[in-house]
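Novice: The structure follows.
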Protein chains: 2
Amino acid sequence: MGVETSFGIGELARRTKRSVHTIRWYEAQGLIPRVERDAGRRRQYTVWHVEWLNFLDRLKTTAMSVRDMKRYAALIARGETGEQEALLRAHRESVAARMREMNEALALIDRKLKHYGRFRRT
Amino acid sequence: MGVETSFGIGELARRTKRSVHTIRWYEAQGLIPRVERDAGRRRQYTVWHVEWLNFLDRLKTTAMSVRDMKRYAALIARGETGEQEALLRAHRESVAARMREMNEALALIDRKLKHYGRFRRT
DNA sequence: CTACCGGCTAGAGCACACTCAAGGTCAAGC
DNA sequence: GCTTGACCTTGAGTGTGCTCTAGCCGGTAG
C-alpha cells in the first residue's frame, strides 16, 4: 500500500483506454512530454499523463492532427505558455469554423430528409 | 451555341473543383452513378452530376466515409428511396452525435483558454 | 503532316494514424 | 533455476483517401 505516485505503461493504457502499442507510438511521435524512466529503462507515468492523454482525446475529437498535437506537446515541454495559448486559440477558431460548415451540411441533409418524407405514406 | 446538355470530365472537374484524377477515382470507387460514355468511350456528364458531387462534398464535410458514400450511391443507382432515406437518417444522427462531442470538447478547450487568459497581463 | 488537347486505363506512390510482430531484457515468485 | 509477466526496441503491415505517372488514342487547328 502507500501513495502510488507513478505507474507503468500497462496501467496508463488501462486508465486512458489505449493500447500499450499506441502509447509508445504517441511518445515516438513526440505527443507525450515529461516521460521519465526507471532503473530498468521502463517508462514511468503519473496522473498528469492520464490527464494529458485525456486532453489529447479532446483535441482528437476536434480533428487536431498528430502534427499539431506534437507542436502543442513541444510547447508544453518547454513551458511556453504564450505560444501554447496561441496554438490552442487558432485551433479553437478552426474547430468553430468546421462546426459552422457541418451545421450547414446538416441543414442540407435535413432538407433532403424532409423531401424523402414528403412522399412517404406513414 | 445551343443548349449544352452534357460535357466532359474536364468541365465537370472545373465545375466541382476537383481534379480529373479524383473524379475518375470517385467513379472507380462506385461513388458516381449514371455515367454514360460517348462513341469514343469518353465520360459524359450533366448538371445532375455537378449537383451530386456537390452533395457528396456535404457528406464529406460531415465525415461520411467513402464506403458509406458508395452505399448511398448504389441506392441512388437502383432508385431504392426507402433505403436511401434510412442511410441518410442514420448518418444524420451520427453527425449530430459527433457535433455534441465536438461541442463538449470545444467547451473544455475554452475553459483551458480562459485559464491561460487568467494569467495574461493585457 | 504534325502538334496539341482532352480523354482513356492500369497501376504506383503518398500522407496519415495507427497496429502489430519479432525478438529480447529484467524482476518476482515458485 | 525456471517460468511468468510486464516491459523494451525496431521495423513491417494496414486502411483510408486521394494523387500522380506512364503510355496510349482520337479529333482539330495551323
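The values are calculated or read from the model by the stated rules, or taken from the named source; none is laboratory data. From a predicted model like this one, the values you see are computed outputs, not experimental measurements. So basically every Cβ, Gly included, is an ideal-geometry build from the backbone, and we count neighbours across all protein chains shown. We work out accessible area using only protein heavy atoms, side chains counted, and drop any ligands, DNA or RNA first. Shrake-Rupley method; radii C 1.70, N 1.55, O 1.52, S 1.80 Å.
Novice: B:Met69 fails exactly one of the following numbered conditions: (1) in contact with a strand residue (DSSP E or B) (Cβ under 8 Å, 6 or more places away or on another chain); (2) open to solvent by less than 90 Å² (accessible area, probe 1.4 Å). What is the number of that condition?
Specialist: Only one criterion is unmet by B:Met69, namely (1).
Novice: Looking at the stretch B:20-38 only, could you name the residues that are touching a residue at least 40 places away in the same chain (Cβ under 8 Å), away from DNA strand D (no atom under 12 Å from the Cβ) and open to solvent by 50 Å² or more (accessible area, probe 1.4 Å)?
Specialist: B:Arg34
Novice: Residue check: is B:Ser6 touching a Ser or Thr at 6+ places or on another chain (Cβ under 9 Å), more than 9 Å from DNA strand C (Cβ to nearest atom) and open to solvent by 30 Å² or more (accessible area, probe 1.4 Å)?
Specialist: Judged against the criteria, B:Ser6 is a match.
Novice: Mind checking which residues of the stretch B:87-102 are within 15 Å of A:Gly117 (Cα to Cα) and at the interface with chain A (Cβ under 8 Å from one of its Cβ atoms)?
Specialist: Answer for the stretch B:87-102, where residues must be within 15 Å of A:Gly117 (Cα to Cα) and at the interface with chain A (Cβ under 8 Å from one of its Cβ atoms): B:Leu88, B:Arg89, B:Arg92.
Novice: Of the residues in the stretch A:30-86, how many are assigned to a loop (DSSP other than H, G, I, E, B), hydroxyl-bearing (Ser, Thr, Tyr) and within 14 Å of chain B (Cβ to nearest Cβ)?
Specialist: Qualifying residue count for the region: 1.
Novice: Now, a different point. Quickly run through the stretch A:39-59 and pick out the residues that are open to solvent by less than 50 Å² (accessible area, probe 1.4 Å) and over 30 Å from B:Met99 (Cβ atoms).
Specialist: A:Gly40, A:Tyr45, A:Thr46
Novice: From the list B:His115, B:His91, which one is loosely packed, with under 13 Cβ neighbours inside 10 Å and either part of a helix (DSSP H, G or I) or away from DNA strand D (no atom under 14 Å from the Cβ) (or both)?
Specialist: That would be B:His115, the only listed residue that is loosely packed, with under 13 Cβ neighbours inside 10 Å and either part of a helix (DSSP H, G or I) or away from DNA strand D (no atom under 14 Å from the Cβ) (or both).
For (1) open to solvent by less than 20 Å² (accessible area, probe 1.4 Å); (2) hydroxyl-bearing (Ser, Thr, Tyr); (3) without any contact (Cβ under 8 Å) to a residue 60 or more places away in the chain, each residue gets a yes or a no:
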{"position": "B:Gly10", "(1), (2), (3)": "no, no, yes"}
{"position": "B:Ala13", "(1), (2), (3)": "yes, no, yes"}
{"position": "B:Arg18", "(1), (2), (3)": "no, no, yes"}
{"position": "B:Leu75", "(1), (2), (3)": "yes, no, yes"}
{"position": "B:Thr81", "(1), (2), (3)": "no, yes, yes"}
{"position": "B:Ala97", "(1), (2), (3)": "no, no, yes"}
{"position": "B:Leu108", "(1), (2), (3)": "no, no, yes"}
